[in-house]
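First comes the structure, then the notes that go with it.
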Amino acid sequence: MSDLADHADRLRWNDRYAAREPGFTPHPLAVEALSRLCPGGRPVLELAGGPSGSALLAAERGYRVTVVDVSDVGLGQLADEAGRRGLGSMLTLIQADVTTWRPAPACYSLVLCTGYWDRSAFGRAARAVAPGGLLAWEALTEQARELRPGLPAEWCLGPGEPAALLPASLAVLEQEDLPGLARRRMLARSSAEI
């Protein structure tokens, strides 16, 4: 934690999470991805999850879930809600910068990230998907910069991304732009052998 004390993203997200009551509604992409998994699979990993309803849904369905986020406030809110629902033992919460945190390779049945983009984190996430597992990602597109000119380009997907960056071991099941939202979502499955 000491190396994150003054981290700009931690401070920004802590302020944002502290200013609003979390809703804990699962993200639609998480709902879709979880519906495609075989029950009793390997654990789920959510990157930049904060107070995630998606993580709670996965835990309710019997998956052990690791959530990585830079915000201790967001993770605290998630821990409190998981405790209220009796799911605390199903969650592992890791406060870390997603741009530098490294998941174990080939060990998650689902790797999920919604509302965040970093190419290096995406590459590590893709390698963390177990054989037969899913990678589910949603992030802003370049169109978002037209709506918010100050938005850094590196926070937005480029043309064809994220599918264009997948390793050969992952096949795209679907990739679509969400009309009017300046977002793109992708769902990919790892081949049976890596």
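Hey, with R₀ at 30 Å, roughly what FRET efficiency would S35 and T100 work out to, going by the Cβ-Cβ distance, to 0.05?
0.40
Nearest 5 is fine: what % of DSSP beta bridges in the chain come out antiparallel, could you say?
Expressed as a percentage, antiparallel bridges in the chain total about 45.
With +1 on each Lys and Arg Cβ and -1 on each Asp and Glu Cβ, how big is the dipole of the chain about its Cα centre, in debye rounded to the nearest 20?
Values: 20 positive and 23 negative charges, 84 e Å.
Result for the chain is approximately 400 debye, rounded to the nearest 20.
Grab the Cα-Cα distance for D80 and A171, subtract it from 0.36 nm times how many residues apart they are, and report the gain in nm with one decimal. Working shown, then result.
Details: separation 91, 0.36 × 91 = 32.76 nm, distance 3.66 nm.
So the chain would gain 29.1 nm between D80 and A171.
At 7 Å along the Cα-to-beta-carbon direction for both D9 and L151, put a label point, then send me their distance in nm to one decimal.
1.7
Please compute the per residue accessible area over the stretch 1-84 with all protein chains in place, 1.4 Å probe, rounded to a whole number of Å². Don't jump to the answer; show the numbers that get you there.
Working: 4050 Å² over 84 residues.
Roughly 48 Å² per residue, with all protein chains present.
Which order do peptides 43-50, 6-13 fall in by mean Cβ count within 10 Å, highest first? Could you put the intermediate results ahead of the total?
Working: 43-50: 25.4, 6-13: 14.1.
By packing density, highest mean first, the sequence is 43-50, 6-13.
Summarise the accessible area of the stretch 61-173 (1.4 Å probe, protein heavy atoms) by the percent that is carbon and sulfur.
Of all accessible area on the stretch 61-173, carbon and sulfur atoms account for 53 percent.
Per the helix-only calculation at 222 nm, which mean residue ellipticity applies to the chain, given -39500 (n - 2.57) for every DSSP H run of n ≥ 4 and division by its residues, nearest 500 deg cm²/dmol?
Numbers: 6 runs with 55 residues, N = 194.
Value at 222 nm, helices only, nearest 500: -8000 deg cm²/dmol.
Which whole-number value in Å² is the accessible area per residue of the stretch 129-194, probe 1.4 Å?
Numbers: 3380 Å² over 66 residues.
Result: 51 Å² per residue.
Please work out the Cα center distance from the stretch 90-160 to the stretch 26-79, rounded to the nearest Å.
14
The values are calculated or read from the model by the stated rules, or taken from the named source; none is laboratory data. Owing to the predicted nature of the structure, the values given are computational and were not obtained by experimental measurement. Cβ coordinates were reconstructed from backbone atoms using ideal geometry, including for glycine residues, and neighbour counts include every protein chain displayed. We work out accessible area using only protein heavy atoms, side chains counted, and drop any ligands, DNA or RNA first. Shrake-Rupley method; radii C 1.70, N 1.55, O 1.52, S 1.80 Å.
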